[in-house]
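Here's the structure we're looking at; comments come further down.
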Amino acid sequence: METLGQFLKEQRIKSNKSLDEIAQTTKIRKGLLDALEQDKYDLLPPRSYVRGMVKLYAQEVGIDVNEVLDRFETAPIEKSKKEGSAKIKIGTPSSFSGGYLLLLIIIGIGFLVYFIYTRTDVEETAPLLIPAPQEMIKKQPSPTTAIVTSAPVTSAPVNSPPPGFIASVVTEAITPTSTTSLEMPALTTRPFTMRFEAQANTWMRIQADGKKSANIILRPGESYQLTADNTIIVRLGNAGGVSIFFNDVPLAKAGKSGEVVNLEFPAAAQNLLKAQ
């Protein structure tokens with residue numbers, strides 16, 4: 001049965017395109033495209049990224065994207081990755097030489113001495129806490145009802161500062177603030193900064209102010225930040241797996257999980273802010 005890689009290579013040859021041309025147009029490294037055609041899935045990024053690569057490849061050679069994605073869903077990608085990882089040999093304890101073991105013992109002793117020293121230093125420099133005399137506590141004024149009537153009741157009594165100071169704090173705390181008044185000015189600031197925080201594996205191609213674009217792969221918990229004067233153009237391979245911030249203002253998700261979207265900022269920031 002014809003594999004996904006064989007099918008893609010055959011369609012590329014029919015379209016009279018080389019791997020170099022496809023790599024230049026899609027911004028995907030030639031090595032990854034070659035591994036895709038040879039069905040070497042253990043050399044490719046996670047499945048969600050490979051799906052985006054396959055979609056871009058199909059669009060570039062002019063074949064039906066849905067047909068290619070159907071083939072992709074049946075391709076043994078995860079099985080190939082497991083077989084590739086099984087070939088990695090892990091050294092056994094018996095392979096350690098005597099010198100290496102001695103070095104580990106010395107390092108361990110060094111860490112132990114450092115821990116004991118720092119622990120002693122902390123104990124010696126720790127501040128001594130002395131409770132306040134009972135006479136001083138009795139002299140402190142109790143909070144008055146007149147000062148706190150306009151503010152929420154606190155869970156524990158506090159000493160009352162000067163009345164003028166309390167009034168200003170209470171006024172600021174209860175003043176209603178519009179979300180739009182905080183967020184909208186940030187959209188007009190130049191230069192501006194974009195930040196992308198990944199909750200799932202996410203592939204990105206990003207370009208700032210017409211300069212050379214970069215391919216970024218973010219894993220869960222990782223983030224990427226870029227500053228530009230005019231425009232930032234982004235292509236997301238997993239729109240639902242990344243949170244977007246414009247000048248630290250959180251925006252709505254650009255799409256669903258696994259969806260490939262193209263965005264141009266700052267214009268896209270206005271739409272994503274309204275979508276929240």
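Filtering region 1-34 to residues that are of a type in the set (Gly, Ala, Ser) and within 12 Å of Ile77 (Cα to Cα) leaves only Gly5. Against the conditions (1) touching a residue at least 12 places away in the same chain (Cβ under 8 Å); (2) open to solvent by 40 Å² or more (accessible area, probe 1.4 Å); (3) over 17 Å from Pro45 (Cα atoms), Phe265 satisfies every one except (2). Check whether at least one residue in region 220-230 is in a strand (DSSP E or B) and touching a helix residue (DSSP H, G or I) at 6+ places or on another chain (Cβ under 9 Å), and report yes or no. Within region 220-230, none of the residues are in a strand (DSSP E or B) and touching a helix residue (DSSP H, G or I) at 6+ places or on another chain (Cβ under 9 Å). Return the residue satisfying two criteria in turn: it lies in region 182-219 and is free of Cβ contacts under 8 Å to residues at least 40 places away in the same chain and in a strand (DSSP E or B), and of such residues it is nearest to Val54 (Cα to Cα). Filtering first and then ranking leaves Met204.
The values are calculated or read from the model by the stated rules, or taken from the named source; none is laboratory data. This is a predicted model, so every value here is computed, not measured. So basically every Cβ, Gly included, is an ideal-geometry build from the backbone, and we count neighbours across all protein chains shown. Surface areas here come from the heavy atoms of the whole protein model, side chains and all, with no ligands, DNA or RNA. Shrake-Rupley method; radii C 1.70, N 1.55, O 1.52, S 1.80 Å.
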